[in-house]
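The values are calculated or read from the model by the stated rules, or taken from the named source; none is laboratory data. Quick caveat, the model's predicted, so the values are computed rather than measured. FYI the Cβ positions are ideal-geometry reconstructions off the backbone, even for glycines, and counts take in every protein chain you see.
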Amino acid sequence: MPAIKNYNNIIVSLLKNENIASKVSVYECYDKNVQGRVVLERGTSEAGVVAAFNNSFPQEIRGVGFSAALAHNPKIGKINPYLTAQRAVLEATAKTVASGSIPVALTDCLCFGNPEKPEQMWQFAESCKAIKETCSKLHFENNTNLPIVAGNVSFYNQSGKNAIPPSPMIRCFGKIKDVNLSIKNGLQSGESTLLLLGGFGNKIGGSIVVDLFGVENNDVCLFSVTEYNKMLNTLLELINNKAILSSRVVTEGGLVIALAKMSFMNEVGILSTIDTESFSEKLFNESLSIVVQINNKDIEAAQKTLETNNIPFDIIGITTSEKTIKINDKVSLLIKDAKNIWENSLRKKLLS
């Protein structure tokens, strides 16, 4: 990765990217509050959360709800058809857990090129294999695996003579006993500590920053599904213990974009300190680690839970009343300025 002289400029460029910028200009074009039972809209949580039952149902089940999250990264599909499918399953599942829901099932939409060409049929077979093997290692509550309950396959997708990259899209559905305990993906007010669950990644293959710099890097984040599953179940335990104020999965743009987006919701400041070894890679890799905000009064118990379950984690910062995002001496952004860029960039592109 090239040396970076001005991190603020790189972050601003990422916030303008159509895959990172706010999608509100899209969300507002359709009815996202069907029957008025949407509890957390898409964008305010890592998964959309809906209350399943209205007031005509018994009181004891009115709080029950479900969530849905979607994941797909075609940039990784260009590199490895197995890893892009595995990642889609893990990301959709992680987003569901980060919203406070327990994953119960997946659906898939598998879009590929011409199956009559051996190399493209191989891509399809590798992605299917990845989905099967990944689901077999994901266990929540007493499930023996995470089942695929519906889906579709679309072949012959190409433009001219060029097929699309392997594109497995995965949606995860979750259940939650009380929708009022759902977790938002923006920082809440109050003195709190920020933890990164799963550790810092350092591989940037398939990331948006690679495209930004115009460099070639096919070194993609690798996962132990068993360890990732253990981390997700531990996060559910912390949520059940009411230790989590907010959480966000590190996806497009990396850790620094996850932190920035978390600050935007309530304009809560961030003061972060990150070890400088491989600093750029730590900020911009898309590792599917999870940032969690924990009230200071609960931090000791949360750390004990993580240590008991052998979950790698790092304390990466604190929230502040100062409306800025600061990371070491490398990043210093006013939240209102960064938020304005993030909120309006896609809208301007669509209207231009």
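Worth pointing out:
- Scanning the stretch 93-100 finds no residues that are aliphatic (A, V, I, L, M), buried (at least 19 other Cβ atoms within 10 Å of the Cβ) and in a strand (DSSP E or B).
- Residue among E322, E343, E307 that is closer than 15 Å to V268 by Cβ and among the acidic types (D, E): E322
- Test result for L238, farther than 30 Å from V215 by Cβ, in contact with a helix residue (DSSP H, G or I) (Cβ under 7 Å, 6 or more places away or on another chain), of a type in the set (A, V, I, L, M) and touching a residue at least 60 places away in the same chain (Cβ under 8 Å): yes
- Single match in S289, S352 (criterion: buried (at least 21 other Cβ atoms within 10 Å of the Cβ) and either outside the structural domain of L235 (by TED's automatic domain parsing) or hydroxyl-bearing (S, T, Y) (or both)): S289
- Selection status of F124, at pLDDT 95 or above and closer than 30 Å to L245 by Cβ: no
- Residue match in the stretch 155-165 (condition: hydrophobic (A, V, I, L, M, F, W, C) and touching a Leu at 6+ places or on another chain (Cβ under 8 Å)): no
This table checks each residue for (1) of a type in the set (D, E); (2) in a loop (DSSP other than H, G, I, E, B); (3) at pLDDT 90 or above; (4) not assigned by TED's automatic domain parsing to the domain that holds L350.
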position	(1), (2), (3), (4)
L15	no, no, yes, no
I20	no, yes, yes, no
C29	no, yes, no, no
V50	no, no, yes, yes
N54	no, yes, no, yes
F57	no, yes, no, yes
S67	no, no, yes, yes
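- All positions within the stretch 252-267 that are part of a loop (DSSP other than H, G, I, E, B) and either of a type in the set (G, A, S) or buried (at least 23 other Cβ atoms within 10 Å of the Cβ) (or both): G253, G254
- Filter pass, V24 being in contact (Cβ under 8 Å) with a residue 40 or more places away in the chain and aliphatic (A, V, I, L, M): yes
- Enumeration of residues in the stretch 250-302 that are among the polar types (S, T, N, Q) and under 24 Å from E227 (Cα atoms): T251, S278, N285, S287, S289, Q293
- Evaluation of E141 against (1) of a type outside the set (F, W, Y); (2) in a strand (DSSP E or B); (3) at pLDDT below 95 (one fails), failing number: (2)
- Condition met for S278 (at positive phi and of a type in the set (S, T, Y)): yes
- Selection from the stretch 115-137 of residues that are in contact with a Ser or Thr (Cβ under 8 Å, 6 or more places away or on another chain) and either farther than 17 Å from T84 by Cβ or part of a strand (DSSP E or B) (or both): K137
- When the stretch 327-337 is filtered for residues that are closer than 19 Å to K5 by Cα and either small (G, A, S) or surrounded by 19 or more Cβ atoms within 10 Å (Cβ to Cβ) (or both), the ones remaining, listed by number, are I327, V331, S332, L333.
- Boolean, E343 is closer than 22 Å to A71 by Cα, acidic (D, E), in a helix (DSSP H, G or I) and in the same structural domain as E18 (by TED's automatic domain parsing): yes
- Taking the stretch 145-233 and the strands (runs of 3 or more DSSP E) fully enclosed by it, the elements with 2 or more residues that are in the same structural domain as A98 (by TED's automatic domain parsing) and over 24 Å from L306 (Cα atoms) are at 148-154, 167-176.
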